[in-house]
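Read the structure below first, then the notes.
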Amino acid sequence: FTSLLKINPKVKNCYKIADILSMQFKIIKICKRTYSDLKGSDLFHGNELDYIERSFERLLENCSDTLNQLLIITTDSKLELKDDQRIERIDALHKTMLEDYNFCLSFSNEAKLLYLSKSREKGDARNAGTIYGL
C-alpha cells in the first residue's frame with residue numbers, strides 16, 4: 001500500500017503537467033495585460049470594468065484550484081493512487097486548464113473588440129461634431 005503513496009517518475013514527468021503550468025502562466029499574463037489596457041483607457045465605466053475584473057478573478061481562482069489539485073496529485077504521500085489513476089486525474093486537470101485557457105483567450109479578445117468598437121464610436125462622434133460644428 002505504501003507504494004501507492006509514491007509517485008512514479010514517469011507520471012511526475014508527464015508533459016501535461018508542464019503544459020498545465022505553462023497555460024496557467026499564459027492566463028495570468030493575458031488577464032493582467034488585458035485588464036491593464038482596458039483600465040488605462042477612458043472608454044470603460046464602472047460596471048463594465050468591474051465585470052471584466054470579476055470575470056478574470058474567477059478565472060484565476062479556478063486556475064489556482066486546478067494547480068492545487070495538481071500539486072496534491074503529484075506530491076508523494078498525499079494520495080494513495082495507482083499510476084493510471086494519477087494519469088487519469090492529470091488528464092482531467094489538463095482538460096480543465098485548457099478550457100480555462102480557451103475561455104481566457106476568448107473573453108480577452110471580446111473585451112478588446114469592445115474596446116475597439118467603443119474607440120471607433122468615440123472617434124466617429126468626435127468627427128461628426130467637427131463636421132457639423134458641434
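When the range 72-107 is filtered for residues that are outside any loop (DSSP other than H, G, I, E, B) and of a type in the set (Lys, Arg), the ones remaining, listed by number, are Arg86, Arg89, Lys95. Taken over the range 110-134, the criterion of being farther than 21 Å from Asp42 by Cβ and open to solvent by 80 Å² or more (accessible area, probe 1.4 Å) is satisfied by Ile131, Tyr132. For the range 39-62, a residue qualifies if it is in a helix (DSSP H, G or I), under 15 Å from Glu110 (Cα atoms) and open to solvent by less than 100 Å² (accessible area, probe 1.4 Å), and the qualifying residues are Glu48, Leu49, Ile52, Glu53, Ser55, Phe56. If you filter the range 81-134 down to residues that are among the polar types (S, T, N, Q) and more than 16 Å from the chain's Cα centre (by Cα), you find that the one that is nearest to Asn68 (Cα to Cα) is Gln85.
None of Gln24, Gln69 is open to solvent by less than 40 Å² (accessible area, probe 1.4 Å) and within 17 Å of the chain's Cα centre (by Cα) except Gln24.
The values are calculated or read from the model by the stated rules, or taken from the named source; none is laboratory data. All of these numbers come straight from a predicted model, not from anything done at the bench. As a convention, Cβ positions derive from the backbone with ideal geometry for all residues, glycine included, and neighbour counts pool all protein chains shown. Note: accessible area is taken over every heavy atom of the protein model, side chains too, but ligands, DNA and RNA are not part of it. Shrake-Rupley method; radii C 1.70, N 1.55, O 1.52, S 1.80 Å.
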